[in-house]
Every structure is written in C-alpha cells, then in structure tokens.
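The values are calculated or read from the model by the stated rules, or taken from the named source; none is laboratory data. The structure presented is a predicted model; accordingly, all values stated were derived computationally and were not measured. A quick note on method: Cβ atoms are made from the backbone with ideal geometry, for glycine too, and the neighbour counts reach across all protein chains shown.
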Amino acid sequence: MRSGLAILLLILLSGYAYAQSDSSTTAVPDSTAASIHSSDTLIRYRINGVYLKSIWQDLKYTVARPAHWEKRDYIRLGVVAGVTGVLLAGDYGVKQFFTHHQSNFTTSVTDQIEPFGNAYSPYLVAGMYVAGVIAHDRNLEHGSLMAAKSLVISTVIYATLKSIVRRGRPTYYDSPFNFDPPFTNDKQHTSFPSGHSLTVMTVATAMAELYGKDHPWVPWVAYGIAGLTGVTRLYENRHWSSDVWVGLALGHFVTKSIFRHHRELEHKKAMKLLAVSL
C-alpha cells in the first residue's frame with residue numbers, strides 16, 4: 001500500500017488539474033437565475049499550495065464532524081458500534097471458519113481480489129488523473145483529485161489509529177484481545193483497523209459519489225469489490241472480522257465527509273454570488 005500511495009502522490013504532484021463539484025445547482029430567484037450559472041459556483045483546484053491547503057482543511061473538517069452530528073448520525077454510529085461489538089464477540093469463530101474452509105480454487109480467487117486493497121486502488125486513482133490530463137477531461141481530473149484527497153486523509157487517520165490501537169494479528173494470535181501498548185513497533189500488533197479495507201472502501205465511496213447519480217450500477221460494483229476485498233483479508237487470516245468492518249466504515253465516513261465539505265464550500269460560493277447580484 002505504501003508503494004501505491006507514493007506513486008499516486010508523485011503523479012498528482014507532477015502536473016496540474018482542476019476539481020469541480022457535482023452537477024447540482026443552487027436555487028436562486030428568477031430575477032438572478034439568468035446571471036448565475038452552475039459553472040460559476042465550481043471550485044477548481046490547481047496542484048499548488050491552495051490544493052495542498054485544502055487537504056489540511058478537509059482533514060480538520062473530517063475530524064471535527066462528530067461535533068456537528070445530528071440525530072441520524074448518532075444512529076449510524078450506534079449501528080456501526082453495535083456491529084463492531086457483535087463481531088468482536090465472534091472474531092475467533094470467524095477465524096476458525098475461514099481457517100477450516102480453505103481450497104486451492106478459493107485461494108486463486110482471493111489472490112485476484114486482494115490487491116484491490118493494496119495496489120489496484122491507488123493505481124486506479126493515479127490512472128484516472130493521467131487519463132483525465134491526456135484527454136482534457138475535467139470531470140475525470142476532478143474525480144482523481146477528490147479520490148486522491150480522500151485516500152490521503154483516510155490513510156493519515158488510519159495510520160494514527162493503528163499506531164494507538166496495537167492489536168495482535170490473527171496470523172500470530174488465537175485471542176482477538178491481544179494488545180500491545182500504544183506506539184510500539186511490533187509488526188505482529190498491527191491488526192486494527194484493516195488498511196486494505198479502508199483503502200478500497202475510500203476509493204469505492206469516491207467512485208459512488210462521483211458517478212453513482214448518473215450510473216446507478218457504479219455503487220453496487222464499487223461497494224461489492226470493497227466488501228469482497230475485506231473478505232479476502234479474513235480468508236488469508238490477516239485480520240479479525242471487526243478490523244475489516246471498522247476499516248470499511250472508516251473509509252466510507254472519511255470520504256463522505258470530504259465530499260460533503262466540497263459541496264458546502266460550493267454552496268457558500270453560490271450564496272456569495274447571489275448576495276452580490278441582489
């Protein structure tokens with residue numbers, strides 16, 4: 001995953017691109033609708049200090065989001081926490097199930113899916129950027145920049161969490177409750193959360209946000225691949241089921257927050273233009 005992210009960052013920092021929002025428009029009075037177009041509210045980033053600063057701003061926004069949650073957000077948190085608790089109780093049983101259901105065919109299949117959480121996802125984002133630049137496709141460039149930003153921020157949060165919660169991997173321990181003190185360097189205690197699951201879900205959520213409205217099949221395919229990638233981590237005995245679940249949930253939450261922030265910024269821009277035109 002580190003090599004994939006390094007290549008992604010290198011490509012992104014090697015050229016220029018623009019980021020734009022979804023195709024939604026801000027409602028304005030009839031008298032000013034003719035003078036304010038959806039293109040006027042777009043926020044476009046060039047790969048420079050402004051874009052890098054936006055990554056920091058999005059990181060702060062994402063970390064602070066819980067302070068602005070509404071009732072429905074706490075309900076979702078309760079669902080995530082509840083499922084996490086159930087999986088914690090069943091982690092050992094899930095490990096035993098996959099351990100006793102290995103086959104050459106299944107292994108050959110999981111070997112093809114597992115890289116989606118490691119190499120494929122970062123390379124996909126980098127490939128989108130290159131293709132967008134070559135084809136002069138602003139929408140594709142926008143998608144790559146937003147996905148890249150989501151991937152960088154989710155990785156920062158994931159790495160911080162993993163350095164604090166030093167959970168033993170099922171590869172080395174039978175007990176799902178084997179922990180080391182925070183910030184230790186023992187590689188055997190790097191199980192929580194699943195980085196593969198977080199990475200692939202981050203990119204899957206970005207694809208769903210970018211293309212799901214116009215192509216309803218995209219979220220089904222993207223989230224399906226993300227889920228299967230998580231299953232491969234269980235099959236390969238690299239993570240506990242609760243590691244995978246939290247990784248998926250965290251990647252989804254972070255990416256949703258970043259896209260939400262982008263829409264909010266464009267809404268503020270539209271309101272400023274409206275105020276000036278009145």
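Restricting E209, E236 to those that are of a type in the set (D, E, K, R), at pLDDT below 95 and buried (at least 23 other Cβ atoms within 10 Å of the Cβ) reduces the list to E209. Say whether the condition of being small (G, A, S), surrounded by 16 or more Cβ atoms within 10 Å (Cβ to Cβ) and in contact with a His (Cβ under 6 Å, 6 or more places away or on another chain) is met by at least one residue in region 154-168. Yes, the conditions are met somewhere in region 154-168.
Is it true that H101 is at pLDDT below 90 and not aliphatic (A, V, I, L, M)? First the steps, then the outcome.
Details: at pLDDT below 90: no; not aliphatic (A, V, I, L, M): yes.
Criteria not met by H101.
Determine if region 167-179 includes at least one residue that is assigned to a helix (DSSP H, G or I) and β-branched (V, I, T). Taking every residue of region 167-179 in turn, none turns out to be assigned to a helix (DSSP H, G or I) and β-branched (V, I, T). Being acidic (D, E) and touching a residue at least 40 places away in the same chain (Cβ under 8 Å) narrows it down to one of E236, E264, so name that one. The conditions single out E236.
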